[in-house]
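To start, the structure itself, in structure tokens.
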Amino acid sequence: MEMAMDITQQTRAEEELISAYDLLEAKVKERTAALANVNEELGRSNQALNDFTAIASHDLGEPLRKIATFGNFLKESVNNLSEKEVESLDRMQNAAERMQQLLDDLLSYSKVQLHVKPFAATNVEDEVEDVLLDLEVRMAETGGKVEILKLPTIDADRSQMSQLFLNLIGNALKFHR
């Protein structure tokens, strides 16, 4: 008794499968190399951005320090300042301090870190009030009005909450009718 079986089709299918596997392996290696190159370029770009942010933060911080110093000098050296003039100097110095804090927050935000900044109890109402102080001139120019209802204290990143309300209220004032 003799038996014969034609395995030509099975052999071809196996060869095609091996060929497809080899082609897939080559594409995976090619894509892996391309991703490695992109990651390396992204790392260089992030480093350049961090360097720029640090330099810009330092260079912008210097005029703010001078504003605060000259404000102190004026308050201490001029004897007959009116209450309104003292208040204006205080507001100028507070605005410079908030700007310095924004620069510091920008610098912190620009640094890609493995550890996320932990949330802390943040009084949202206080953040909105600080933002309104920053936007006071723009509000006066546009006739804008903001009513603050009771806002909670939440666990959040204070600087991001401040930036959120600065953007929201600032855009409302900018794009009003």
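So here's what we get for this one:
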{"quantity": "The stretch 1-50, residues that are hydroxyl-bearing (Ser, Thr, Tyr) and either on the phi > 0 side of the Ramachandran plot or open to solvent by less than 100 Å² (accessible area, probe 1.4 Å) (or both)", "calculated": "Thr8, Thr11, Ser19, Thr32, Ser45"}
{"quantity": "Residue pairs meeting the criteria (Cβ under 7 Å; at least 6 apart or on separate chains; first surrounded by 15 or more Cβ atoms within 10 Å (Cβ to Cβ), in the stretch 117-138; second of a type in the set (D, E, K, R) and not in a loop (DSSP other than H, G, I, E, B))", "calculated": "Thr122/Arg158; Glu127/Arg158; Asp130/Arg98; Asp134/Arg98"}
{"quantity": "Residue, least open to solvent (accessible area, probe 1.4 Å), within the stretch 139-160, restricted to residues that are within 20 Å of Ala95 (Cβ to Cβ) and in contact with a Ser or Thr (Cβ under 8 Å, 6 or more places away or on another chain)", "calculated": "Ser159"}
{"quantity": "In the stretch 55-78, residue nearest to Leu107 (Cα to Cα) [restricted to those that are under 34 Å from the mean Cα position of the chain (by Cα) and of a type in the set (S, T, N, Q)]", "calculated": "Ser57"}
{"quantity": "Tabulated pairs, the stretch 69-83, first exposed (fewer than 12 other Cβ atoms within 10 Å of the Cβ) and assigned to a loop (DSSP other than H, G, I, E, B), second modelled with pLDDT of 85 or more and not polar (S, T, N, Q), C-beta under 9 angstrom, 6+ apart or interchain", "calculated": "Val78/Glu85"}
{"quantity": "Residue check, Phe175 touching a strand residue (DSSP E or B) at 6+ places or on another chain (Cβ under 7 Å) and either open to solvent by 80 Å² or more (accessible area, probe 1.4 Å) or not acidic (Asp, Glu) (or both)", "calculated": "no"}
{"quantity": "Meets criteria (under 30 Å from Asp104 (Cα atoms), more than 30 Å from the chain's Cα centre (by Cα) and part of a helix (DSSP H, G or I)) for Phe52", "calculated": "no"}
{"quantity": "Condition check for Glu62: of a type in the set (Asp, Glu), open to solvent by 90 Å² or more (accessible area, probe 1.4 Å), assigned to a helix (DSSP H, G or I) and within 22 Å of Ser159 (Cβ to Cβ)", "calculated": "no"}
{"quantity": "Test: residue in the stretch 96-111 that is modelled with pLDDT of 90 or more, open to solvent by less than 60 Å² (accessible area, probe 1.4 Å) and either over 30 Å from Ser45 (Cα atoms) or touching a His at 6+ places or on another chain (Cβ under 9 Å) (or both)", "calculated": "no"}
{"quantity": "Among (1) aromatic (Phe, Trp, Tyr); (2) modelled with pLDDT of 85 or more; (3) under 19 Å from the mean Cα position of the chain (by Cα); (4) open to solvent by 100 Å² or more (accessible area, probe 1.4 Å), the one test that Phe165 misses", "calculated": "(4)"}
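One line per residue, one yes/no per condition, for (1) over 30 Å from Tyr109 (Cα atoms); (2) over 42 Å from the mean Cα position of the chain (by Cα); (3) assigned to a loop (DSSP other than H, G, I, E, B):
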site	(1), (2), (3)
Ser19	yes, yes, no
Arg31	yes, no, no
Asn39	no, no, no
Ser45	no, no, no
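The values are calculated or read from the model by the stated rules, or taken from the named source; none is laboratory data. Treat the numbers as computed from the prediction; the structure is a model and nothing was measured. Counting neighbours? That spans all protein chains shown, and the Cβs are built from the backbone with ideal geometry, glycine included. Just the protein is used for accessible areas: all its heavy atoms, side chains included, with ligands, DNA and RNA removed. Shrake-Rupley method; radii C 1.70, N 1.55, O 1.52, S 1.80 Å.
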